[in-house]
Amino acid sequence: MHELSIASAIVQNVLEFVRTQQAQKVLVVRLAIGELTCLEPEQLQFCYRAVTKETPIEDSTLEIDRLEATVSCPHCGYDGRPKYWDDVATLQCPLCGKTVEAIAGHECAIKAIQYVN
């Protein structure tokens, strides 16, 4: 479960932010997660709650913005959404069936931290 390691890294970054900004309380941490990361939002939120226990950000909320995948096909020139198999994005061109390059959808970043001083 790589959600636990991602949640731990997020918490470390937020705790560093709290120290540098001298924040009194973190209310919300907002993430941008691409659909190609294979991260499950519910599992990530569960892990976040687990690793924030007994920390200064224990009562904060993790909000996740899902980012759609975008691909580009060097073979036929297609740019757009990837082909899906059982609701999972693939790296197969929906037009010609050849391998595509991921342009967007693999992001995992903290977008915003809402806090009070």
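The values are calculated or read from the model by the stated rules, or taken from the named source; none is laboratory data. Since this is a predicted model, take the numbers as computed values, not measurements. Cβ: placed from backbone, ideal geometry, glycine included. Neighbour counts: every protein chain shown.
Among the residues of the range 36-78, those identified as touching a helix residue (DSSP H, G or I) at 6+ places or on another chain (Cβ under 6 Å), among the hydrophobic types (A, V, I, L, M, F, W, C) and outside any loop (DSSP other than H, G, I, E, B) are 44, 47, 51, 62, 64. Of the residues making up the range 21-45, those that are modelled with pLDDT under 95 and more than 30 Å from residue 91 (Cβ to Cβ) number 5. Of the residues contained in the range 55-74, one or more are found to be small (Gly, Ala, Ser), surrounded by 14 or more Cβ atoms within 10 Å (Cβ to Cβ) and farther than 14 Å from residue 34 by Cβ. Is the range 79-91 home to any residue that is assigned to a strand (DSSP E or B) and among the aromatic types (Phe, Trp, Tyr)? Looking for residues that are assigned to a strand (DSSP E or B) and among the aromatic types (Phe, Trp, Tyr), one finds at least one in the range 79-91, hence yes. The C-beta contact set for the range 100-117 (first residue of a type in the set (Lys, Arg), second residue not in a loop (DSSP other than H, G, I, E, B), distance under 6 angstrom, 6+ apart or interchain) comprises 111/30; 111/32.
Suppose we filter the range 28-55 for residues that are over 23 Å from residue 117 (Cβ atoms) and among the aromatic types (Phe, Trp, Tyr); how many remain? Spell out how you get there, then give the answer.
If we filter the range 28-55 for residues that are over 23 Å from residue 117 (Cβ atoms), which is where we start, we get 32-47, 49-51, 53.
Checking which are among the aromatic types (Phe, Trp, Tyr) leaves us with 46.
Number of matching residues: 1.
The set of residues from the range 85-99 being in contact (Cβ under 8 Å) with a residue 24 or more places away in the chain and surrounded by 14 or more Cβ atoms within 10 Å (Cβ to Cβ) comprises just one member, 89. Counting only residues that are in contact with a Cys (Cβ under 9 Å, 6 or more places away or on another chain) and not in a loop (DSSP other than H, G, I, E, B), the range 95-117 holds 2 of them.
Pairs are defined by a Cβ separation below 8 Å, a sequence spacing of at least 6 or placement on different chains, a first member in the range 31-46 that is over 18 Å from residue 11 (Cα atoms), and a second member that is part of a strand (DSSP E or B) and aliphatic (A, V, I, L, M); the pairs so defined are 34/67; 34/104; 35/67; 35/89; 36/89; 36/102.
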